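Below is one structure, written out as structure tokens; the observations come after it.
Read-outs throughout are calculated quantities, based only on the coordinates presented, and are distinct from any laboratory measurement. The structure displayed is predicted, hence computed values, not measured ones. All Cβ positions, even for glycine, are placed from backbone atoms using ideal geometry, and neighbour counts span all protein chains on display.
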Amino acid sequence: MPELPDLIVYKQYSDATSLHQRIKTVDVDDDTVLRDLSVPHFRETLTGRNFESSERYGKNLLVELEDGPWVRFHFGMTGRLLYYKNNGEFPRFTRILIRFSNGYELAYTCIRKLGRISLTKSVEQFIKYEGLGPDALQLNLSDFKDLLSVRRGSLKTTLMNQKIIAGLGNVYVDEILFQARLDPSVKCKALDDKKLGDLFKTMREVLKTASDNQADPNKFPKNYLTKHRSEGEPCHRCSGLIEKRIISQRPTYVCPKC
Ligand SMILES: [Zn+2]
């Protein structure tokens, strides 16, 4: 599932390919990904305009239209963007297809259709409307401590909650807690000031390492959990075996030893 580091990569990709290109036509192949938005309104709003700039917030990519609103892309479990030269075919699972006047196309693909596309007047309005917490990389240490120290839930549940901190999901929360050597089922309130500080530092390190490596688990350091997310795999940090647990209905991978 695309999480904060993936979104950094998606933003770089979208900036490098799709900014400042005139949008010629928009095809909506499946309108289930459009939120609070009709197909005609979406097409009319984009057609004839350029994408001017973009911002990432949490797991969302927001792209500003010239003299218009922002298009928000959320990628659900399986969403992607693909930019390519029009050759009469389009990628499998394309839900939205944006054709530029330079002959290239941008496809929003989503196998499981859990992604969402909407329009918003501004990034601030979008954050408010969705009730999102601060972005995990914009948050400072003191706000992080304030947010977590009052939560009753487990570390895993709390860190995954977009209304508390935006950007982390199942995979990166497991990695952060593995690197911080913290049990995902431990309650936030049980962490003292030093442990909260260490967790904050580890969160930033993991997100930076992941995005520096194009969010590709195969390029992650050897001692990272992400590429060994399966039960019974040897832990690359100790002699333990990776265990699967279900925490807040999500598969959670831990090394019980470390
Ligand atoms: Zn271990």
- If the cut-off is a Cα-Cα distance under 27 Å, which lysines reach residue 194, setting aside same-chain residues fewer than 8 apart in sequence? 145, 156, 163, 208, 222, 257
- What list do you get for 130, 105 if you sort them by fewest beta carbons within 10 Å? 130, 105
- Message: Skipping prolines and chain starts, which residues have an amide H placed within reach, meaning under 5 Å, of the one on residue 241, given they are 5 or more residues away or on another chain?
- Response: 235, 257
- May I ask you to sort 24, 244 by Cβ crowding, counting other Cβ atoms within 10 Å and putting the fewest first? 244, 24
- Report the local net charge at residue 235: Lys and Arg +1, Asp and Glu -1, summed over other residues whose C-beta lies under 14 Å from its C-beta. +2
- Query: Does segment 149-243 come out rounded, prolate or oblate, given a ≥ b ≥ c as the square roots of the eigenvalues of its C-alpha gyration tensor, rounded meaning a/c under 1.5 and, failing that, prolate meaning a/b above b/c?
  - Reply: prolate
- Query: If you take the beta carbon distance between residue 121 and residue 201 as r and set R0 to 30 Å, what does 1/(1 + (r/R0)^6) give as a FRET efficiency, to the nearest 0.05?
  - Reply: 0.25
- Query: Just the Cα atoms of segment 88-236: what Rg and Dmax do they give in Å?
  - Reply: 18.6, 59
- Task: Can you put 129, 172, 224 in order of Cβ neighbours within 10 angstrom, beginning with the fewest?
- Result: 129, 224, 172
